[in-house]
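Visitor: Okay, here's the structure, questions in a sec.
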Amino acid sequence: MTRVLVAGLGDTGVLCAGALASRSMRRRGLSVTGVSPTTGLVSGQELGLRLTRPDSWSRDYRIPYRSFRRLDRVDVVHGRLTSADLLARTVSVVGADGVARELGYDVLVVATGVANGFWRSDAVRDDAAVATDLADRHARLAAAGSVAVVGGGAAAVGAAYNLAVRWPGKQVDLYFPGERGLPQHHGRTWAGVRRRLEAAGVALHPGHRAVLPGSDEPCPGPVTWSTGQAPAQADLVLWAVGRVRPHTGWLPASVLDEHGFVRTGSDLRVPGVEGVFAIGDVAATDPLRSTARNFQHTVLAANVAAYLEGRPLREISLPGRRWGSVLGPQRTGLEVFNPAGRPFRIPRVVVDRALQPWVVKRGIYGGVRR
């Protein structure tokens, strides 16, 4: 029996495990195991919707693993990875009960993701703990009369917009260090999003680089600036500054780059070690970590099969800019920006009746049970 172990079952890991399990149906003797600190998918996408409308967010972005049809053939282990012996091809996992166990593999897929703010964690939690956390954060934001959102990336911009739309009477300020937000997107994308932010009442403050606190947890103001401006007051400060920390403490330093990401070749293999692949935000493939998107899980699954069969592996092809939705689904629909920064809108009825149930849940995920 050839054993494939997927470390991490977040957005990318679920897709990889599902694609590998589909191949296991065609390849006899292939088993797939996934390790996750949660009992279901807790997506890192759409922070704004998650904070302002957690019930709506949970419908599409918090899904029990048993609901994914492609994971029916995947053995899901609930626990936290603590170490790996890449020569012996084993990993150690501490379960929710505190008991450690060792799992062997023939192929290891590292998809453990990153911490990128308070909403991405590798803490061991069950579904009840996740639900409580969502409700508590929503309640804190709802009670705040003013919110300062610090950061210029898509998470910060989307959060500021959704806060202003959800609570029109709330003072929402967006602070970012550059001349414009969304620096990894095309300039046209920022121009279009800026108009929407201003129309929603978000106050924009370019050129503000914050003195960062020790934690990314939301907290009361003030916010102080290394760029010389007066401190900013707010009832609650939402930190979305892109302080990325890869979840790789369980891996040996020999496979990591100087920033702690997994060194990865253009075929998603980890150089210098047999049978190890990496994908998603944890993989040092390109500055944008683009294998977390752009359907690269299909390349990963094909390359694992090719590796096992001794065939040549494919190389990934990645865009030079971020693209896609920035503000998330709204009552009027979903606005998506292409790599050239040009938007197109998908009406809400299409999002609810076609995009999510058919394109995403059935087409991309391979079927999600109610």
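Each value in this text was obtained by applying a stated rule to the coordinates, not by laboratory testing. Please read all numbers here as calculations on a predicted model, not as lab measurements. Cβ: placed from backbone, ideal geometry, glycine included. Neighbour counts: every protein chain shown.
Visitor: Using only the alpha-carbon atoms of segment 78-168, report the extent along each of the three principal axes, biggest first, to the nearest angstrom.
Guide: Rounded to whole Å, the extents work out to 57, 28, 15 Å.
Visitor: Can you run phi through the Karplus equation (6.51, -1.76, 1.60; θ = phi - 60°) for segment 287-304 and list ³J(HN,Hα) in whole Hz, with x for Gly and Pro?
Guide: Running phi through 6.51 cos²θ - 1.76 cosθ + 1.60 with θ = phi - 60° gives x, 8, 6, 6, 6, 6, 9, 6, 6, 6, 5, 5, 5, 4, 5, 5, 6, 4 Hz.
Visitor: Go through segment 247-263 residue by residue and turn each phi into a ³J(HN,Hα) via Karplus (6.51, -1.76, 1.60, θ = phi - 60°); whole Hz please, and just put x for glycine and proline.
Guide: With the stated coefficients, segment 247-263 comes to 7, 10, x, 8, 9, x, 5, 5, 9, 10, 8, 5, 9, x, 7, 7, 5 Hz.
Visitor: Sort 108-116, 141-149, 250-258 for me by packing, meaning the mean count of neighbouring Cβ atoms within 10 Å per residue, highest on top.
Guide: On the way: 108-116: 25.9, 141-149: 19.3, 250-258: 14.8.
Packing proxy ranking, top to bottom: 108-116, 141-149, 250-258.
Visitor: Counting only other residues whose beta carbon sits under 13 Å from that of Val77, what net charge do I get with K and R as +1, D and E as -1?
Guide: Net charge in that neighbourhood comes out at 0.
Visitor: Can I ask one more? Using +1 at the Cβ of each Lys and Arg and -1 at the Cβ of each Asp and Glu in the chain, identify which of Thr90, Val255, Ala19 lies farthest towards the dipole's positive end.
Guide: Farthest towards the positive end: Ala19.
Visitor: Still on this structure, I have one more. Assuming a ≥ b ≥ c are the square roots of the Cα gyration tensor eigenvalues, decide whether segment 140-239 counts as rounded (a/c under 1.5), prolate (otherwise, with a/b larger than b/c) or oblate.
Guide: oblate
Visitor: Sticking with this structure for a sec: Residues with amide H under 5 Å of Leu41's amide H, sequence separation 5 or more or different chain, H placed in the peptide plane at 1.01 Å from N; which?
Guide: Answer set, sorted by chain and number: Ile63, Tyr65.
Visitor: Evaluate Rg over Rh across segment 1-139, taking Cα atoms for both radii and Kirkwood's formula for Rh.
Guide: 0.99
Visitor: I'd like the orientation of helix 11-26 relative to the chain: the angle between its Cα long axis and the longest Cα principal axis, in ° from 0 to 90, rounded to 10.
Guide: The angle comes out at about 30 degrees.
Visitor: Hey, another quick one. Using a Gaussian network model of the chain whose springs link C-alpha atoms within less than 10 Å, name the residue from Gly13, Gly95, Gly29 with the highest mean-square fluctuation.
Guide: Gly29
Visitor: Enumerate the amide H contacts of Gly333 below 5 Å, restricted to partners 5 or more residues apart or on another chain; note that Pro and chain-start residues carry no placed amide H.
Guide: Those lying under 5 Å, H to H, from Gly333 are Arg348.
Visitor: In deg cm²/dmol, rounded to 500, what helix-only [θ] at 222 nm does the chain give when every DSSP H run of at least 4 residues adds -39500 (n - 2.57) and the total is split over its residues?
Guide: -7500 deg cm²/dmol
Visitor: Which whole-Hz couplings ³J(HN,Hα) result when phi for each residue of segment 226-241 is put into the Karplus expression 6.51 cos²θ - 1.76 cosθ + 1.60, θ = phi - 60°, listed in order with x for Gly and Pro?
Guide: Working through the residues one at a time gives 7, 8, x, 6, 5, x, 9, 8, 6, 5, 8, 10, 9, 8, 9, 9 Hz.
Visitor: Anyone know which of Val262, Val282, Val77 comes out most mobile in the 10 Å Cα GNM of the chain?
Guide: Result for the chain, Cα springs under 10 Å: Val77 fluctuates most.
Visitor: Lys/Arg Cβ at +1, Asp/Glu Cβ at -1, dipole of the chain taken about the Cα centre: which of Val35, Ala199, His185 is farthest positive-ward?
Guide: Ala199
Visitor: List the residues whose amide H sits under 5 Å from the amide H of Asp106, counting only those 5 or more places along or on another chain, with H placed 1.01 Å from N in the peptide plane.
Guide: Here Arg3, Val4, Leu5 satisfy the definition.
Visitor: Of all DSSP beta bridges located in segment 140-239, what percent are antiparallel, nearest 5?
Guide: Beta bridges within segment 140-239, antiparallel portion: roughly 20 percent.
Visitor: Right, here's the next one. Over all directions, average the projected area of the Cα convex hull of segment 37-98 and note it in nm².
Guide: If I average the Cα hull's projected area over directions, I get 6.0 nm².
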